[in-house]
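Nothing in this text is a laboratory measurement; each read-out follows from the coordinates by a stated rule. All figures in this text were calculated on a predicted structure; none of them were measured in a lab. Ideal geometry is used to build each Cβ from the backbone, glycine not excepted, and the neighbour counts take in all protein chains shown.
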């Protein structure tokens, strides 16, 4: 089958060229998948703008209002790390809906991939680390409130700990949060996920893949989720300037194959988001983000 993909043109917009955050990577990812024939009009879904009632399931109404109306304080804005603009505000309200749409499609089809998402540093009442709102937490809260799932697993393989996700969902026993990340990396102050796996800097393919595989296998058996939200951050790649791990391109591709295969073989629906990835070579970065979607397309092709 053609796997469901979720994307909106507003995910990329003109951005300061020297800014660390690669805002154009979403557009480049979509273009790559289109050229490969993986993204087509038949399988592409465009999310709408999320209403405040959805976003405030996981976020403070006052924070949401202040961000949308460009009233964040100087320290708040610095912690967020993104220059405010109407385009950023628009994008911020669409992307969480994109992850929710992806999750709903995954529940129906077994797999769905969002060409954005994974903004796991956003907390209940503040943004951080280029993350304004936490799409993973919003999606988890919404699915549970709507009784779409009884139990879900957020499996976060971004190189940075999913601190915002852990904090927002700390009191929600039906959402199990797991973060596999480089221990000596951002954020300095870690939150407590249901399971944190801190990795030493410089870890290479074999040890990394073994950790990911064993951790997910164990969680699928013990948590028994109705859905996996998989944050496929590619900043574990050896060449990522913000990563500090030493996973090769082949190792990254193998991670995606293993994670998705484990979910498929256990008949657990999986929704993917792209998470973090940083590189001045934006097309190369888009190729790395495409790996999870290419793996999904291959595994669910029948």
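At q = 0.11 Å⁻¹, what log₁₀ I(q)/I(0) does a Debye calculation on the Cα points of region 1-144 give, no solvent, two decimals?
At q = 0.11 Å⁻¹ the computed log10 ratios are -0.41.
Suppose the Debye formula is applied to equal point scatterers at every Cα of the chain; what is log10 I(q)/I(0) at q = 0.07, 0.12, 0.16 Å⁻¹?
-0.22, -0.69, -1.37
With a/c under 1.5 counting as rounded, go ahead and sort region 137-256 into rounded, prolate or oblate using the C-alpha gyration tensor (a ≥ b ≥ c being the square roots of the eigenvalues; past the cut-off, prolate if a/b is larger than b/c, else oblate).
It is prolate, given that a/c is not under 1.5 and a/b is the larger ratio.
Considering only DSSP beta bridges where both residues belong to the chain, give the percentage that are antiparallel (nearest 5).
5 percent
PRE reach from residue 171 (point 7 Å along Cα→Cβ): which of region 115-129 fall under 20 Å by backbone N?
What the label zone holds, given the 20 Å backbone N cut-off, is 122-127.
Exposure proxy check: 113, 60 ranked by fewest other beta carbons within 10 Å?
Placing the least packed residue first, the sequence is 60, 113.
Can you sort 128, 298 by how many other beta carbons sit within 10 Å, fewest first?
Ascending Cβ contact count within 10 Å gives the list 298, 128.
Please work out the Cα center distance from region 245-270 to region 30-62, rounded to the nearest Å.
Using only Cα atoms, the two centres lie 22 Å from each other.
Which percent of Cα pairs goes in each bin when the distances of region 95-166 are cut into 5 angstrom slices starting at zero?
Using 5 Å bins, I get a P(r) of 3, 17, 27, 28, 17, 7, 1 for region 95-166.
Can you sort 75, 190 by how many other beta carbons sit within 10 Å, fewest first?
Least crowded to most crowded, the residues run 75, 190.
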